[in-house]
Every structure is written in C-alpha cells, then in structure tokens.
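Every read-out reported here was derived from the displayed coordinates using simple, explicitly stated rules and does not represent laboratory data. Values in this document were obtained by computation on a predicted structure and should not be read as measured data. Note that we place each Cβ from the backbone using ideal geometry, even for glycine, and neighbour counts take in every protein chain shown.
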Amino acid sequence: MPELPEVETVRRGLEQVMVGRVIASVDQRRADLRIPFPADFVARLTGRCVKTITRRAKYLLVTLDDGTVLIMHLGMSGRFLIDDGKTRQDQPGHVHYGSTDLSNGAKDHDHVVFQLDNGTRIIYSDPRRFGLMTLSREAVLDQHKLLKDVGIEPLSNGFNGAYLDRVLRAKMTPIKAALLDQRVVAGIGNIYACEALFRAGLSPRRSSHTVPGKRAARLATAIQIVLKEAIAAGGSTLRDYVKTNGELGYFQHSFAVYDRAGALCLTAGCASRIKRIVQANRSTFFCGKCQR
C-alpha cells in the first residue's frame, strides 16, 4: 500500500495539472470502490474549479471552489494517470491511452475519469478496488470519520523528539507497532518504519516506553530524513505504485533493511545480515547488531 512519500508524490503530480482548472465532466464507471461513491458524486464535482490539492496522512484532499472536498485514498493498487493528449507510446515510463484501449477508450480497471476544461484527463485505475473516493464539506473536514482520529504529520513543525517522548512514554507496544498506529503519527507504513528505525539504531522489538529521551530525538530525526529522501526519489515502487506520469519511484534502490532479509548490513564494519521477523502479520526487517 502506498505510504506518505508515494501519496505526496501523487499529490504533487495532480496539483500541477488540476489546481485552477474546472472539472468539465466526471465519468464514474462503477457504483463503488472500497466503499460506495456518494449518490451525488458526479453532480457535485462537475463544473467546479479545483482550489487546492493537499494531503492528510495517506489521503488526498481536493478542495473545490464551493467548499466541497473530494477525499481520495489509493488503497493497495490505486493509481492516477494524467492523459494530456501528448503522451506517446514510445516515451519511456509513460502510459499510452491509445490503440490498446478497450471499448469506449476505457481500460478494465479505469474506474473514474475526470475531464478538465483544457482537455486533460485524470484517470483513476485500481485493479483491486481497495481505494476510495468520497465527499465532505471543508468546514467539517477535520471531523470526518476517515480523518478525525489521524495523528500528527511527521513532516510538520510540531513533530519532533519532544512529541515522540510524550506519546510513547506510556506505551508498552513494540516501537514498530507504535509507528504504524495512524493515531500516533500519520502516513508512516511498513517500509518507512523499518527504514527509520534502522537509521535511528532502534530495534523494532524495543518497547515504546523505553524510547523517550535521546532515542526519541534520534527517531524523530530519522523519520523526517527518510520521508524527505523518499519524496525526493518519487517514492518506492514495489508492485503497483507509479507516479502520475507513469514513471516508477526509485527509493527502493536506497533501502537499507526493507526486503533485504539475508543480505549484509550496509553499515561500515558490520558483518551481520539483515533479519526478517513478523510483527502483527507484517514483515519487519532489521539489523540485530546495529539496532538495539
């Protein structure tokens, strides 16, 4: 499932082409994804101008000129592709919507198409249909059931060692589990939790209540550095994720521990091999020597 860096990369791609444009039409091709579309989904979006596109945790938030907010989540396999009429099949990393399309110009898993007033199409494709799209009013967005319990953004000014010190002090769960708890910190998933814990030198099995202090400061810094590097790399492509122009993210080439079970640790002077354990049905990767 895409994590914060992947969602932020998609947000930036959509922002470049959608902000300031009017949604001329919406082609909704099914009644639901993970949840049903609102009954008035097409009507409320058609003719509206896009003011901003922001991100909250792993959600994309498209705010329109009448105060409507389109809430979107990519799920496990959702992706947005931009067709501006200039995409060519022979351009590496681009997706071509031409002669290979199915009837009516649609692919099997293209479930929603937003047509902008300049002719650009924003195509949402989702083979597993675990993504979602729903609507809210901007004035009550913070209280929406999908967002009201989401924790602090890890790239915000308020996220630091002092914050982690405060929220982890009473937690007895493993620190890896705490980082995956979206009520503690927003947007971090399995990949970046593993990578941040390695950078901070903390074992994923360490109890959260033992992290406050200098360890919390190291961890907060490591989280922010890993996320910023991943965003700069366009996220990580493991299975389904691509950027909005069809290109792949490449932060996976910088993984220190994730998906490297059995490989030598990359720390200079460390001869240990990366271990894999299962925590809460998730694979966890770490170096038993460098992470304590």
For this session: Compute the projected area of the convex hull of the Cα atoms of the stretch 4-143, averaged over all viewing directions, and report it in nm² to one decimal place.
Result: 8.4
Problem set entry | Which listed pairs, of LYS148/LYS275; LYS58/LYS176; LYS58/LYS214, have C-alpha distances above 25 Å, in listed order | LYS148/LYS275; LYS58/LYS214
Exercise. Relative to the first principal axis of the alpha-carbon coordinates of the chain, what is the inclination of helix 214-232, with its axis defined by its Cα atoms, in degrees from 0 to 90 and to the nearest 10?
Worked result: 30
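Report, in deg cm²/dmol and to the nearest 500, the calculated mean residue ellipticity at 222 nm for the chain, where each DSSP H run with n ≥ 4 adds -39500 (n - 2.57) and the sum is divided by the residue count. Mind showing how you got there, number by number?
Numbers: 6 runs with 64 residues, N = 292.
Per the formula, -6500 deg cm²/dmol.
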Seminar exercise, completed: At R0 = 45 Å the Cβ-Cβ FRET efficiency linking ALA271 and ASP108, nearest 0.05, sits at 0.40
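Taking the number of other C-beta atoms within 10 Å as the exposure measure, put VAL140, VAL211 in order starting with the fewest.
On the way: VAL140 11, VAL211 24.
Starting with the residue having the fewest Cβ neighbours, the order is VAL140, VAL211.
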Seminar exercise, completed: Each label sits 7 Å from Cα toward the beta-carbon; between ALA232 and SER283 the label points are separated, in nm, by 2.7
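With a cut-off of 8 Å between alpha carbons and a minimum separation of six or more residues, what is the relative contact order of the chain in percent?
Values: 593 pairs, mean separation 56.2, N = 292.
Worked out over the chain, it gives 19 percent.
Can you sort LEU168, LEU14 from fewest to most other Cβ atoms within 10 Å of each residue's own Cβ?
Values: LEU168 23, LEU14 20.
By the 10 Å Cβ count, ascending, the order reads LEU14, LEU168.
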Seminar exercise, completed: Nearest 10, in degrees from 0 to 90: the angle of helix 4-18 to the longest Cα principal axis of the chain is 30
Problem set entry | Karplus-derived HN-Hα couplings along the stretch 191-206 (A = 6.51, B = -1.76, C = 1.60, θ = phi - 60°), whole Hz, x at Gly and Pro | 4, 7, 5, 4, 5, 5, 5, 5, 5, 7, x, 10, 5, x, 8, 4
Exercise. Between HIS209 and GLN224, how many nm apart are label points set 7 Å from Cα along the C-beta direction?
Worked result: 2.9
Exercise. Which of [x] 57, 45, 29; [y] 78, 46, 39; [z] 56, 40, 29 is the computed Cα extents along the principal axes in Å for the structure on display?
Worked result: [x]
